[in-house]
Structure formats: structure tokens, C-alpha cells
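Novice: Once you've had a glance at the structure underneath, I'll fire off some questions.
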Amino acid sequence: MTDANPFVEIAVLLGVATLTGMVGQKLRQPLIIMFLAAGILAGPSALGIIHSYEQIELLAHIGISLLLFIVGLKLDLNLIRTTGPVALATGLGQILFTSLIGFAIAIALDMSYISAAYVSVALTFSSTIIIVKLLSDKKEIDSLHGQIAIGFLIVQDIAAILALIGLTTFGSSVTEEGPVYLSALIIIAKGLGLVGIVALLIKYVIPYLVKRLAHSLELLTLFAIAWAVFFGAGSEWLGFSKEVGAFLAGISLASTAYRDLIGARLTSLRDFLLLFFFVDLGARLDWSSVGSQLGASLIFSLFVLIGNPLIVLVIMGLMGYRRRTGFLAGLTVAQISEFSLIVAALGLSIGHIKAETVGLITLVGVVTIFISTYMILYSGQLYRILSTPLKIFERRNPYREAAIDTLKPTEPIDVILMGLGNYGSGLTEYLLQRNKAVLGVDFDPGALDRWRKRGLPVLYGDMTDPDMHEHLPLNKAQWVISSVRSEEINLALIHNLRTRGYDGKVGLTATDKEEVRKFEKAGAHLVFCPFKDAAEQAADTLAYAIEFLPKNIDWPISFLEVRIRSGASVAGLTLSDLPLSAAGISVLGVSRGGRVYYEPEPGFRIFPADILLLTGPPHGLKDADSMLNQIDMQKSVENTDRFEIAEIRVSDDSKISGRSLADLRFRQTYGVTLVGIRRDNEQITSINPAERLVAGDCLIVIGKAPAIRDLKDHAPL
């Protein structure tokens, strides 16, 4: 079709890969599957496009070398340490049990010992690339199950590298003349020598060389590619595979400050070149032999899709994790990876296995990757279906997750705040300044640890987990607040709270007007719009600055705008009372509600939300914001001018039951204003003086703090 023109072949291949990739995007499938499909379409069993196998194979080898190079470059052993023994125990346990059970199944299917060994090893590895992508898309990469999954995937990656080294050593020793043990010792000696060279380069050469090359990003990128390929070639010359050398090349640069930069610039090139590996693999599939492997591939696929997650569930359950964490982490091993296909291809090239075995492993890879992608994408729905039977995998006391929680049973709680990210942490800071008792809830162990060290009570939990609400002190909290900007998660939260019978207030965080409307319709009492609120405040500040500040200022003084926050100690004071004059600071103007007061008098009173334009020496202005916005909670509590709102119930035997507001002279008698009545399911907001109160009414009143306090002392009325 292409007259064996390599350039035309590659052009057509890229076109086919793009089309299959578009189909995969619609199906929400990883590109690995679609590249294999592109290879099958372009191979001799379909369109017959590929003839220049050598050129495509060369690009495939460079792609695999870059893959292993980046794995070595980003190998984060610290993650294994931070996730504790669970990453190591789960990773090694899953590898051990999967390989043993897989080997037994292969032998039962009448496979040879060497083929069974390759198949069992291939079944143990899961795709780090696919899992990281899926977890990132679901924003679960920082969750407990996400961190554990990444930890044991790193263990798998290390095991895969060791498997490649072992296969290379074994393959070389059986093809050389002489005793096998002597050949193996020679290979081991060469390997130790290679590792020693890498260690010397890391200490004496790499830091200085990379620092010098870093002045040019293009040159640094070119060096990284050359380094990976050079080490791959050197490793192959010594009798190892080129993949092992590329992995060591990545490790040699992993300790530099530029590893993330190099990895980011090479990721796209790696993905492009890996296309040729999977296309080549798909094109070489012998469909005449694949048909006979369909039954075996189905058995192995079911084992990977069901057996691997069960192995992880059992291990994590025994180690004291909740069934949900074990289930979500287990789903990440419900497929085999690109490493499995690399191991199979290496075994074929060495001559250990036949094309039929490679076809079997490839079929298992296609089936498991395809199905497990949907299992991970819809993991929440799957868990809700399987939650009850999964209880057998959870200890009566899941002590490891319980150890994350620091809430004491007697601790008072005003606000349960879901999500301790940037916005949630900011809300927590200001609530604590206002003497509110906050319980922080998050699924990121790192965020929980940071707040735990500051003494905040925290609970580990995922807002989409219905079981989480069993552990929340909902009977104590006045408010449940979500700082997470996700429509699906917030709607699930408010639904779960209502299901649990929570009758307090709920505040959610929205990204646009449509979400605000949906949240209010769902029953949210308060909706935050961080982007809108910040943009509005910034626009007010900018408009004020444009109107007030001169265009050209070249004076030895500075200007500063300070917004007075709610609860600030200076709120209610006059300008003459502000602690500014000692620092040489003057107030040039005050912006309030869109109106600007120029050169206000000393008796001008400051209120929350006022914007003050200050002028003075730079060193004096430095601490003006924090000085003016100090929170004096004691003063706030004792402020008799502070207004409050409260709910007061009319008791069954109340003396005011049956009497009208006019008869009671409610405002004059109690010193508060009645603004609403909740009567059964009816809400009365237009108050008529002739309205008669009845037993069971809930009166919503507003007034000054002392009057509200006196009324509460007599509640119910």
C-alpha cells in the first residue's frame, strides 16, 4: 500500500493512531489500548501498511529506554517511607500471591514451566502511568488510597526492573558456552561494575555537568536523551538489556535539582515514541495463534480484574485499613501494565517464550486495561454496590485509619469543615481567630498531619463516602461546610447529610452561578463563591485606586490599602483611636459601600468592610494590615452593641400562646425584633401585628446581644 516507503508508512501510522486515539478519548480509554489497536489495523492482518519493521522497532526501543529513564528519574523512595509499611507489604504481598496463583493457573492450563513463569510475572505488574493519570483526573492522587497505591506501584516498578535484570542475566547465561553459574557470576560482576560507575558519576560528575548544561534548557534536554540512550547502549554491550541501562541513567540524574524539569520536557517525547512500541507489538500479533488463546486470556483476565484487588483488600484489611480504602487501592492493580508487555517482548527476543505466549499476555493486557479503566472511573458507584459484602475485609477496629483521627468525644464542635486545601485552610484560620471550634476533615494524610500538629481536631474522610458520616459528630455541629469546588461531591454531601438526619446548617463552595442555583435548590443555607468574591474585592480596590491615587508618584513615602475585616479590634473605633500615629501613618481616605470619604475627620468611625488608604514611611506601613486587623475576641464577646440572631421556641404551656404580637407588645417587652416564624412546615416572613402565636412556633428574632441572652434564658417562652 505504501510501497515500503518508511516516511509514508510513519505518516499513515500517525494518522491511524490519531483516529484510534480520538475513539479512545470518547470511550475514556488510555492511549495504550488505542495504540495497540492502531498496530493491529496497520499490521498484516488488516490494512498491511507496515513493512519497515526495523525503523519502527528502533523508535520503539528508544521510547522504552525513555520510559525506563523517566521511571528512574522520578523514583521517589521517600513516598514508600511516608506511606509506611503498607506500601511495601502490599506491593510485595501482591507480587508474591499474584505470581504464585498465576503460575498455578498457567500450569493447570497445561503451559510449560518457562511460559507459566513469564505469564505469572506479567500478571503482577500494574501500569503506573495509567493509574497516576486516572487518579489525577479524579483528584484522588493525594488521598490515602491514592498515596498507598502510588507507593506499592513504585515497589512494582522496582520489582519489574529487577525482573528485567534477572531475565537478561538468565538469557545471557543460557546462550553462552560454559557453566551457567560462571556466566551468571560474570553478569553479576558486570552489573556491580555498572552500578559502581553510576555511583561515582552521581558523586563527582553529574552535579557539575548538569548545573553547567542547565543554562540552556534545549541543551539540558538533549543531554538527558543522549544520557539515557548512551547508558542503554552501554548496558546492552555489557550483556544487560538497554532498558536496565536507561533506568540507571535516570537514577543518576534523580538526585539533581533539575529532575522534575527534565522529566516534564521528556514526557511528551516518551509518549510519542511509546506509540511505536505498542504499534509494533500490535502489528506483530499472530492472529492465527491468538484465537486459541482466547479461553486462557479470559481466565487470566478475570483473575487480574477480581483476584488482584481481593489480594490487596485482604492485605490492607489485616493491616488495619477500612474496606473502602482497601477497595479503592485494590482497583489500581486490576490490570497489567506496559512493563508486562516489555517483559513478554524481551522473553520472545531471548527465545524463552513463543509468539503465542506474547499474544496471550497482550490479550490479557487489552482486556484488563479496558475494563479496569471504567472500574476506577466509577469506583464510587462500585463501592456503594459492594459496600456490605466487603465488610468481611475490615477489622472491627481499623486502627491505622483511626490513628489519623484526633477528635475527642467530649470536644465541642461548632463547624465541621470538609476539605483542608488552600481555601479550606484559609477558612479554618479565620474561624479559629474568631474562637470557633472547628473539626477538619480531608482525605489527604499530609493536610491532616499539618493541622494535627497545630492542635486542630481532624478526621480522615472522603466526602463521597456514605460511611464517613457515621464517624462525624453531626449532633454537635451547628454548620457543615464544604470548601471543595465540585458539584458532584457537594451534592452527594448534602444528600448524605440529609439521609443521616442532620438538621443543622450546610455551606457549600461553588464555581459559578449555575452551581449556586443547584446548591440552593438542594438545600444549602450558604454558598461561597471564592473566585467571584475575590474578583469583586479586587475590582473594588482597583477602581478605588484608579480614582484616588495620582498617576505618577515619586515621593519618599508609600501607600497601602487595608480592608477592615469582620471582628477586627479597631472596628467601631474613631480614626483618632487608631494605633497609627506613632508609626507616622495617616489616613488619606476611607471607601465604604462605593462612596469615598476624603480626608475624614478624627472623629470618623471605622466599620467592618471599610477600605482605608494609608500613607507613611514604608517601614511603618509594613505591619499596618496585621495591626489594624487583629482579632480581639474578648472585646467582641463583651460588645453590647453587637447584634445577634436566634431561634426561640414557644412551649406547649406558654403564657404567650394564643396571643397576638400587638397584645404582647413584643418589641417593647423583649427588646428584640421578630423577623420570622417557623410553624410546622410553614415559614412566615411577613409579620403582621395581629399574628397570634401558637405552641410549637419557632420564633426567629434579632436584637442586641444582652437582649438575646435574656430571651434565651427564658426559652422556651
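Just so it is clear, none of the values below were taken in a lab; they were calculated from the coordinates. Bear in mind the structure is a predicted one, so any value in this text is a computation, not a measurement. All Cβ positions, even for glycine, are placed from backbone atoms using ideal geometry, and neighbour counts span all protein chains on display.
Novice: How long, wide and thick is segment 640-713, going by the Cα atoms along their three principal axes, in whole angstroms, largest first?
Specialist: That gives 32, 24, 22 Å along the principal axes, largest extent first.
Novice: Separation between the Ala609 and Met22 pseudo-spin-labels, each 7 Å from Cα along Cα→Cβ, expressed in nm?
Specialist: The two pseudo-label positions are separated by 5.2 nm.
Novice: With only Lys, Arg, Asp and Glu charged, each at its Cβ (+1 for the first two, -1 for the last two), find how big the charge dipole of the chain is about the Cα centre; round to the nearest 20 debye. All intermediate terms of the calculation are to be shown ahead of the outcome.
Specialist: On the way: 62 positive and 67 negative charges, 261 e Å.
Once rounded to the nearest 20, the dipole reads 1260 debye.
Novice: With the calculation restricted to Cα positions, what are the radius of gyration and Dmax of the chain in angstrom?
Specialist: Answer for the chain, Rg first and Dmax second: 33.7, 113 Å.
Novice: As a footprinting exposure proxy, order Phe272, Phe247, Phe125, Phe97 by other Cβ within 10 Å, with the fewest listed first.
Specialist: With the fewest neighbours first, Phe272, Phe247, Phe125, Phe97 line up as Phe272, Phe97, Phe125, Phe247.
Novice: Going by average Cβ neighbours within 10 Å, how do the peptides 54-62, 141-149, 302-310 rank, with the highest at the top?
Specialist: Averaged packing, sorted descending, gives the order 141-149, 302-310, 54-62.
Novice: With the dipole of segment 1-153 worked out from charges on the C-beta (+1 for Lys and Arg, -1 for Asp and Glu) around the Cα centre, which of His145, Leu58, Ile105 lies farthest toward the positive end?
Specialist: In segment 1-153, that residue is His145.
Novice: Remind me, relative contact order of segment 640-713 in percent, using alpha carbon pairs under 8 angstrom and six or more residues apart?
Specialist: About 47 percent, as a whole number.
Novice: Next question, about the same structure. What distance in nm lies between label points placed 7 Å from Cα along the C-beta direction at Gln55 and Leu310?
Specialist: 5.0 nm
Novice: Please compute the modelled spin-label separation between Asp467 and Leu318, points set 7 Å along Cα→Cβ, answer in nm with one decimal.
Specialist: So the label points at Leu318 and Asp467 sit 1.9 nm apart.
Novice: Under 1.5 on a/c is rounded, so check that first for segment 6-386, then, if it is not, pick prolate when a/b is larger than b/c and oblate when it is not; a ≥ b ≥ c are the square roots of the alpha carbon gyration tensor eigenvalues.
Specialist: Judged from the Cα gyration tensor, segment 6-386 comes out rounded (a/c under 1.5).
Novice: Now, a different point. Output the peptides 209-215, 416-422 sorted from most to least packed, where packing is the average of other Cβ atoms within 10 Å over each peptide's residues.
Specialist: Numbers: 209-215: 14.6, 416-422: 21.7.
Per-residue mean Cβ counts within 10 Å order the peptides as 416-422, 209-215.
Novice: Calculate the all-directions average of the projected area of segment 310-366's alpha-carbon convex hull, and give it in nm².
Specialist: Dividing the Cα hull surface by four gives the mean projection, 4.7 nm².
Novice: Still on this model: Report the FRET efficiency, 1/(1 + (r/R0)^6), for Lys655 and His525, where r is their Cβ-Cβ distance and R0 is 35 Å, rounded to 0.05.
Specialist: Details: r = 32 Å, r/R0 = 0.92.
With a Förster radius of 35 Å, E is 0.60.
Novice: Full-extension gain between Ala233 and Tyr598, please, as 0.36 nm times their residue separation minus the C-alpha to C-alpha distance.
Specialist: Result: 123.8 nm gained on full extension.
Novice: For Lys203, give me every one of the lysines with a C-alpha distance below 18 angstrom, ignoring sequence neighbours fewer than eight places off in its own chain.
Specialist: Lys211
Novice: I would also like to ask the following. Aspartates and glutamates within cross-link reach of Lys74: Cα-Cα under 18 Å, excluding same-chain residues under 8 positions apart?
Specialist: Qualifying aspartates and glutamates at Cα under 18 Å: Asp142, Asp157, Glu243, Asp260, Asp271, Glu338.
Novice: While we're here: Please find the FRET efficiency linking Arg500 to Arg709, where r is the Cβ-Cβ separation and R0 is fixed at 35 Å, and quote it to the nearest 0.05.
Specialist: 0.65
Novice: Report the relative contact order of the chain, percent, no decimals, based on alpha-carbon pairs under 8 angstrom and at least 6 residues apart.
Specialist: Details: 1100 pairs, mean separation 74.4, N = 717.
This gives 10 percent for the chain.
Novice: Then there's this: Which entries of Lys532/Lys622; Lys513/Lys704; Lys518/Lys704 show an alpha-carbon separation above 31 angstrom in the structure shown?
Specialist: In this structure, Lys513/Lys704; Lys518/Lys704 lie more than 31 Å apart at Cα.
Novice: Calculate how steeply helix 487-499 sits against the longest principal axis of the alpha-carbon atoms of the chain, using the helix alpha-carbon long axis, and give the answer as 0 to 90 degrees to the nearest 10.
Specialist: 60 degrees
Novice: Using per-residue counts of other Cβ atoms within 10 Å, averaged over each peptide, order 311-324, 665-678 from highest down.
Specialist: By packing density, highest mean first, the sequence is 311-324, 665-678.
Novice: Could you tell me how far the Cα centroid of segment 95-123 sits from the Cα centroid of segment 290-352, in Å?
Specialist: If you average the Cα positions of each part, the centres end up 12 Å apart.
Novice: With unit charges on the beta carbon (Lys/Arg positive, Asp/Glu negative), name the residue among Ala492, Leu431, Leu456 whose Cα is farthest towards the positive pole of the charge dipole of segment 404-528.
Specialist: In segment 404-528, that residue is Leu431.
Novice: Among DSSP beta bridges lying fully in the chain, give the percent that are antiparallel, nearest 5.
Specialist: If I count the DSSP bridges inside the chain, around 65 percent turn out antiparallel.
Novice: Shifting gears a bit: Using alpha carbons only, how many degrees (0 to 90, rounded to 10) separate the axis of helix 217-237 from the longest principal axis of the chain?
Specialist: It works out to around 40 degrees.
Novice: Using only Cα atoms, find the angle between the long axis of helix 259-284 and the longest principal axis of the chain, and express it within 0 to 90 degrees, rounded to the nearest 10.
Specialist: Rounded to the nearest ten degrees, it is 50.
Novice: Considering the zone a paramagnetic label at Gln381 would reach in this model (a point 7 Å from Cα along the Cα-to-Cβ line), which residues of segment 16-58 have amide N under 20 Å from it?
Specialist: Answer for segment 16-58: 24-30.
Novice: Further question on the same structure: Let's test the formula: R0 of 30 Å, r as the Cβ-Cβ distance of Ile687 and Gln537. What FRET efficiency results, to the nearest 0.05?
Specialist: Efficiency computed from Cβ-Cβ geometry: 0.30.
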